[in-house]
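Only one structure is covered here, and it is reproduced in the block below.
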Amino acid sequence: MDATLIGAIIHAILVASTPLVFAGLGALIQERAGVLNLGIEGLMIVGALAGFVVALSGQPLALSVVAAAGAGAALALIFAILVLRLEANPVATGLALTLFGLGVAALFGAQYVGASAPPVKAWSIPVLSDIPVLGRALFAHDPLVYGSVLLAIMLWWFLNKTRGGLILRAVGEDHDAAHAMGFSVIGVRFLAICLGGAMAGVGGAYLTLVQTPMFVEGMTAGRGWIALALVVFAAWRPLRVLLGAYLFGSVTILQLHSQALGISIAAQWLSMLPYLATVVALVVISARGVQGTSAPASLGKTFRVSR
Amino acid sequence: MLRFEPRAEVKWHHEWLAVAVALGLTAATVSAIFVLLGLDPASSLHRIVIRPLSSEYGISEWIAKATPLIIIGVALSLGFRAGVWNIGAEGQLVVGGLTGGAVALALYGISGWFVLPLVLLGGVLGGMVWASIPALFKVRFNASEILVSLMLTYVAILLLSVMVHGPLRDPDGFNFPESRLLHDAARLPRLFDAGRGHVGFIFALVFAVLGTWIVKRWHLGFSMKVSGLAPKAAEFAGYSRAHTVWIALLIGGALSGLAGVIEVTGNIGQLVPNISPSYGFTAIIVAFLARLHPLAVVPAGLLVALSYIAGEAAQLSLGIPGAMTQVFQGLLLFFLLGAAILVNYRLRWGGPH
């Protein structure tokens, strides 16, 4: 296999992984605050449509991304109100969010099917992008790819090095203790859900703005579920989400190029890998129960102040 | 200020109040969406809900769609009562359809009364095997059954795809990813002359009654309920949590698998890559709409099945995307979950006492 092909494949893997990075981090921040949101898929597709519509109207990329984040946060707000204020079951509410998001995006997006977003210019990083093979593969991407890496690092820093991150983790690990210490459990979770929704929205928008770049009904194609799997796979750590996303993204690309690479098994077997890997990771993590690798202790539990 | 105040006593009509409020709000929001799309709500609703049901064919199709929803909804309402979150019923349905369909193909051409029961059994066992994976991992390693069953749903869909593209493909089918048509001995009889309504609906009704009986009369139903509502109390009473997890998931797998094989033998008549329009996920809405009462799953399943019929009609006669079905289902579930607070709380004006 020649070097150009390897470079192209690495480039494609980063592009395929970027929506997963954003959506995975969006799921992660919520889960670290103790919120299990199964609506990531719905948040992604709504973000995908919002970003696309703004891009079609000739606005710059930054504004499209803001629109996608806003749409994701707005939809996530419904989830937050239902789960936090009305104490609705989070599992079912997340599912409703996915159904609703997919439906609304298809309904209002039908008129945009067939249109194509203006191309996003790559930012070639000087010097680094001149490295043979790897330079073009790693350092000649659109701004969102760099943004996703930056976001993972920032989230890691926030969770582990700041007071705000400590409070968020406290709320996720033991909401009663956090409440007793005077922190607003509901407030922290509201913020986490809206921020997570915004990130998932941007992840969806990456599909319509860069990767495809057009809008089709149901185009997130299960990536929201993969993102949830990714968080488990990454043992709830932001930087591992980044690595996991690239691993899952590689599987997708491997599948596309499996014939060119001389792999002769059915594509479906390869597609199963991320899901199976997640189950295995989940079992290993749950069985070991090693501190720092297990799920946030209050994940998915309803918090009531009166208790 | 409007605020929530806990009810001193929860009566049965408070549950139906919540459901009525949710249905009212859903109808209002759907009407608003129609107005937003430039359609007249009343005549649109008439065209997509009343007209499709005003023929024997329409009723038959309605029943065909309600059948899997009710069968799975009954199983999930039992499991959810026990606090076992089997979100992967869709995967169990797909595997049940696959294994049941494979049995039917293995018995291809053989006639006799025993063929259909074997085929159905194949589906039930397939679903149970698939559901036993999250059960085992939950009991043995404490791995979340929500995530494991969900992940396995995607594996199941891919597995079905591999099989119909490969080993189970019709040898004379010009390489289309479909199995051959099942022979008559492996098909569930139809209920009507028109449409696809089949005997599976009778099964669904039987399971709803059986489920209610388990909940009301059997010790098993009671121990599952306690295990879900008060895990500590259940532990003191000597009810094993592992037992509850196994039972809930195995019932879920068995009935979802049955729903799958019923879809294949009653409705579709062959194995195709896509045997379910997310019935397994939609059945979760059905279970909640029924407020986890197995008997109430029947009207709930019929109502939600109507959203599939209405979605198809909306596509054909109003020219709006079939995704209207998902919008309706999502909204209904939102409002149901939100309105559920009215069961335990009442709305009051004024500040706290």
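The values are calculated or read from the model by the stated rules, or taken from the named source; none is laboratory data. These numbers were taken from a predicted model, which means no experiment stands behind them. All Cβ positions, glycine included, derive from the backbone under ideal geometry; neighbour counts span all protein chains shown. Ligands, DNA and RNA are stripped out before the accessible areas are found, and what is left, the full protein with its side chains, is counted by its heavy atoms. Shrake-Rupley method; radii C 1.70, N 1.55, O 1.52, S 1.80 Å.
Dipole of the range A:3-288 computed with +1 at Lys/Arg Cβ and -1 at Asp/Glu Cβ about the Cα centre; of A:T18, A:G109, A:L159, farthest Cα towards the positive end is A:L159.
A Förster radius of 60 Å combined with the Cβ-Cβ distance from B:L316 to A:D176 puts the calculated FRET efficiency at roughly 0.65. By the helix-only formula, in which each DSSP H run with n ≥ 4 contributes -39500 (n - 2.57) and the sum is divided by residues, the protein assembly as shown has a 222 nm mean residue ellipticity of -21500 deg cm²/dmol.
Could you compute the FRET efficiency for B:L181 and A:L134, with r as their C-beta to C-beta distance and R0 at 56 Å, rounded to 0.05? The calculated FRET efficiency here is 0.55. For the pair the range A:68-111 and the range B:258-335, the centres of their Cα atoms are 19 angstrom apart. Can you give the local net charge around B:L210? Use residues other than it whose beta-carbon is closer than 13 angstrom to its beta-carbon, Lys and Arg +1, Asp and Glu -1. Net local charge, B:L210 excluded: +2. Report the residue, chosen from B:R140, B:R47, B:R196, that carries the largest GNM mean-square fluctuation when chain B is represented by alpha-carbon nodes joined by springs under 10 Å. Answer for the Gaussian network model of chain B: B:R140.
Between chain A and chain B, roughly 3800 Å² of accessible surface gets buried, counting both sides and using a 1.4 Å probe.
Packing around the peptides A:137-143, B:277-283, B:65-71, taken as the average count of other Cβ atoms within 10 Å per residue, puts them in this order, highest first: B:65-71, B:277-283, A:137-143. For B:L295, the residues whose modelled amide H falls within less than 5 Å of its own, excluding neighbours fewer than 5 places apart on the same chain, are B:T212.
For the residues B:V245, B:V35, B:V261, a GNM of chain B with alpha-carbon springs under 10 Å puts the largest fluctuation on B:V35. A Förster distance of 30 Å, applied to the separation of the beta-carbon atoms of B:L347 and B:V49, puts the FRET efficiency at 0.50. Counting Lys and Arg as +1 and Asp and Glu as -1 over every other residue whose Cβ lies under 15 Å from the Cβ of B:R140, the net charge comes to +2. Taking 27 Å as the limit for the C-alpha separation, the pairs B:K65/B:K138; A:K301/B:K225; A:K121/A:K161; B:K11/B:K232; A:K301/B:K65 exceed it in the case of B:K65/B:K138; A:K121/A:K161; A:K301/B:K65. Which one of A:G172, A:G222, A:G204 has the biggest mean-square fluctuation once chain A is modelled by GNM with Cα springs under 10 Å? Of A:G172, A:G222, A:G204, the Gaussian network model singles out A:G222 as fluctuating most. Under 5 Å from the amide H of A:G300 lie the amide H atoms of A:V35, A:L36, each residue being 5 or more positions distant or on a separate chain, with H modelled from the backbone and absent for Pro and chain starts.
The mean accessible area for residues of the range B:199-245, using a 1.4 Å probe and ignoring ligands and nucleic acids, is 62 Å² per residue.
Leaving ligands, DNA and RNA out of it, report the carbon-plus-sulfur percent of the accessible area of the protein assembly as shown at a 1.4 Å probe. Carbon and sulfur together cover 68 percent of it.
Less than 5 angstrom separates the built amide H of B:R346 from those of B:E5, B:R7, all sequence-distant by 5 or more or on a different chain.
Segment B:E9..B:R190, full-extension length gain: 60.5 nm, with 0.36 nm per residue of separation and the alpha-carbon distance subtracted.
For chain A, which DSSP H helices look membrane-span-like by this rule: Cα extent along the axis of 30 Å or more and mean Kyte-Doolittle of at least 1.0? Before the final figure, lay out the partial values.
Numbers: long enough: A:3-32 (41 Å, 1.46); A:185-206 (32 Å, 1.61); A:267-288 (32 Å, 1.43).
Result, helices passing both filters: A:3-32, A:185-206, A:267-288.
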